[in-house]
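The values are calculated or read from the model by the stated rules, or taken from the named source; none is laboratory data. Quick caveat: nothing in here was measured; it's all calculated off a predicted structure. Note that each Cβ is placed from the backbone with ideal geometry, even for glycine, and that neighbours are counted across all protein chains shown. Remember, those area values only see protein heavy atoms, side chains included, never the ligands or the DNA or RNA. Shrake-Rupley method; radii C 1.70, N 1.55, O 1.52, S 1.80 Å.
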Amino acid sequence: MTGRIAIGGAAGFWGDAALATPQLLAGGAVDYLVYDYLAEITLSILARARAADDSKGYATDFVTAAMAPNLEAIARQRVRVIANAGGVNPRACAEALRAELARQGLALSVAVVLGDDLTDRAAGLHEAGVTEMFSGDAFPAPESVASINAYLGAFPIAAALDAGADIVITGRCVDSAVTLGACIHAFGWEAVDGDRLAQGCLAGHILECGTQATGGNFTDWEQVVDSLPEAGYPIAWIDADGTVEIGKAPGTGGLVSVGTVAEQMLYEIGDPRCYQLPDVTCDFSEVTLEAVAPDRVRLAGARGHGAPVHYKTCATWADGFRAGQLWTMVGRDARRKAEHLAEGILERTARMLDRAGLGPLSESSVEILGVESHFGAGASGVEPREVDLKIAAKHPSARGIGVFLKEMVGLALTAPPGLTGFAGARPKPSPVVRLFAFLLPRDAVSITVEVDGAPVAFAQPALPAPADPGPAPADPLPPATAEPLVAVPLEALAFGRSGDKGDKANIGIIARHRDFLPWIADALDADRVAACFGHFLAPGQAVPVERFYLPGAGAFNFLLHSALGGGGIASLRADPQGKCYAQLLLAEAIPLPRSLAAAHGLGDAILGETA
């Protein structure tokens, strides 16, 4: 197996910028373009679209915005395309694309991967007593289920490419599978090539969020902010032996550095030694990152330890309705005025719901933004003269949420002085969509591949059994020192990135220099992180926070359980996906020897001596 391929990451979510495809075609010299459109909530939206019109249910802008204007260049450059844009209706997506190809007179072959959509099994799963893999909750009522999808892997994508497909459209696969599928096809990797598969998954994980690997959401945003409007979309150069380099098209904005890539590597993972994907269980704990040229970072050291015997499967289901509003309060005691307004709204809503015989709100949320409410006990206590009041609620019925909205607006003229807000349409009740994750044996999922409507022989290869990666690496210990310690913000010592998986949040912390690792390890254990985020964590958890060490990258990953109020649009919080959590943790103070702070030029960052 020899050779190298270049894969451009052209979409990180449904709604990503349309400029990615022409940019990568113009400057990237890519062999493949990969598109990741799907999240769990996206599937529920697409399922509702298909229910209303059986020709819908896919990411329509994949066809109209990403493909249609660029098909001629894709055909001329012989670039192959892989996208999970099929959503819950891959065949409809493929038919729409074939119609566009015919209109342009282009002869490109379009394949679909099917089998992930298990929505028609809702009743059977309910009757079988399937339980949620994290909470143990019972399967929801079948009539409330919007979608059920198994997370497929990369081998069916490779089979479609092997059969000559120029464009492969899938439904729900894991985000990295669109990249790994290209590698398996190009290099002939097999199920037993665990380390190579893990490296391919790592490359896909870096590409899957688009410009988050090239300067977007970067801790040191000041370095790149002026060029971010022209940020380059990421490119992975992958060798047959599994070597991965990450970069971007020349002449584009943003930045590819050890920091930007390491942040993305830790984004939305749990235990880095057991990152389970359908084709391989990855161990990222020993991955090293090396800057090999400007805007070019090499990653090595991912390991594969067998493969799971189940497919992770997610159902989305409707659990009542919700709505909310953002108000602005200005003037003296702005916070107190906002709090009184929120109390009044909820009190009057409760009265009116009782009068209407609708039952109480199932949940409400009040957040005062501008007084550092996200920082919890770490808030500075500054009292501003303007704040934003976010108030939201859930109710089993749309009618009940309608009562909440009417009373909220009705109290505007009865509010304390200084209330205002951006005028526009009044909010309306929207469904609360919850996630239900469970495991299905591999043989319970039947995968098929079609190229231009004709079936292609495909058999899922026998995957190696799961293997124990061995003992976890020992945490670094700080050296004994008698010199005074000074407090330094964690941000001066580390990069950070946070994200979500359902109701869990993760925070990746990457040391800027290995000298800092022992001191970060000593100061920032799981208990301290749990205390920092205590106002977000669900009470009563035996282990609310876990910490994992990645010696290869000089990093820690913190996994926060039940930390997002349900997560996604099941949550009423201002930050339902934990996007700001890294910023909160980076504000924490870390004790450091004064001489070490001085050696790294951190004098200006010192907050004072520690006890």
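Values computed for the structure shown
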quantity: Within the chain, percent of DSSP bridges classed antiparallel, to nearest 5; calculated: 85
quantity: The chain, accessible area per residue, ligands and nucleic acids excluded (1.4 Å, Å²); calculated: 40
quantity: Contour minus Cα-Cα distance for residue 444 and residue 123 (0.36 nm per residue); calculated: 114.0 nm
quantity: 10 Å Cβ shell holding at most 13 others, DSSP loop, trypsin sites (Lys or Arg not before Pro): longest site-free stretch of the chain; calculated: 79-331
quantity: FRET efficiency, residue 227 to residue 4 (Cβ-Cβ, R0 30 Å, nearest 0.05); calculated: 0.65
quantity: Probe 1.4 Å, all protein chains present, accessible-area order of 380, 285, largest first; calculated: 380, 285
quantity: Distance between the range 386-447 and the range 32-105 - C-alpha centres, whole angstrom; calculated: 30
quantity: Approximate spin-label separation residue 107-residue 379, in nm, with each point projected 7 Å along Cα-to-Cβ; calculated: 6.8
quantity: Nearest-0.05 FRET efficiency for residue 291 and residue 100, computed from C-beta distance (R0 45 Å); calculated: 0.65
quantity: Carbon plus sulfur fraction of accessible area for the chain, probe 1.4 Å, in percent; calculated: 54
quantity: Net length gained if the chain between residue 522 and residue 454 were fully extended (0.36 nm per residue, minus Cα distance); calculated: 18.5 nm
quantity: Residue 174 accessible area, 1.4 Å probe, all protein chains in place, Å² to nearest 10; calculated: 20
quantity: Simple label model, 7 Å out from Cα along Cβ direction - residue 481 to residue 542, nm; calculated: 3.8
quantity: Among [x] 80, 48, 47; [y] 69, 68, 47; [z] 76, 60, 47, the entry derived from the coordinates for Cα extents along the principal axes in Å; calculated: [y]
quantity: Karplus-derived HN-Hα couplings along the range 379-384 (A = 6.51, B = -1.76, C = 1.60, θ = phi - 60°), whole Hz, x at Gly and Pro; calculated: 5, 6, x, 5, 9, x
quantity: Global form of the range 146-244, assessed from the alpha-carbon gyration tensor, a/c cut-off 1.5; calculated: prolate
quantity: Calculated from backbone phi, Karplus (6.51, -1.76, 1.60) coupling profile of the range 111-123 in Hz, x at Gly/Pro; calculated: 10, 10, 10, 10, x, 6, 7, 10, 4, 6, 9, 4, 4
quantity: Other-chain or far-sequence residues with amide H under 5 Å of residue 152's (modelled H); calculated: 173, 174
quantity: Theoretical FRET efficiency, 1/(1+(r/R0)^6), r = Cβ-Cβ of residue 426 and residue 72, R0 60 Å, to 0.05; calculated: 0.85
quantity: Residue 127 - accessible surface, heavy atoms, 1.4 Å probe, Å² rounded to 10; calculated: 150
quantity: Student exercise, the range 242-306 dipole from Lys, Arg, Asp, Glu Cβ charges, in Debye to nearest 20; calculated: 160
quantity: Order of exposure, largest accessible area first, which applies to 313, 252 with probe 1.4 Å; calculated: 252, 313
quantity: Potential lengthening between residue 190 and residue 350 on full extension [0.36 nm per residue; Cα-Cα distance subtracted]; calculated: 51.5 nm
quantity: Order of exposure, largest accessible area first, which applies to 414, 211, 42, 448 with probe 1.4 Å; calculated: 414, 448, 211, 42
quantity: Part-to-part distance (alpha-carbon centres) for the range 109-172 and the range 455-526, which is given in Å; calculated: 31
quantity: Solvent accessible area, Å² - residue 45, 1.4 Å probe, full protein context; calculated: 70
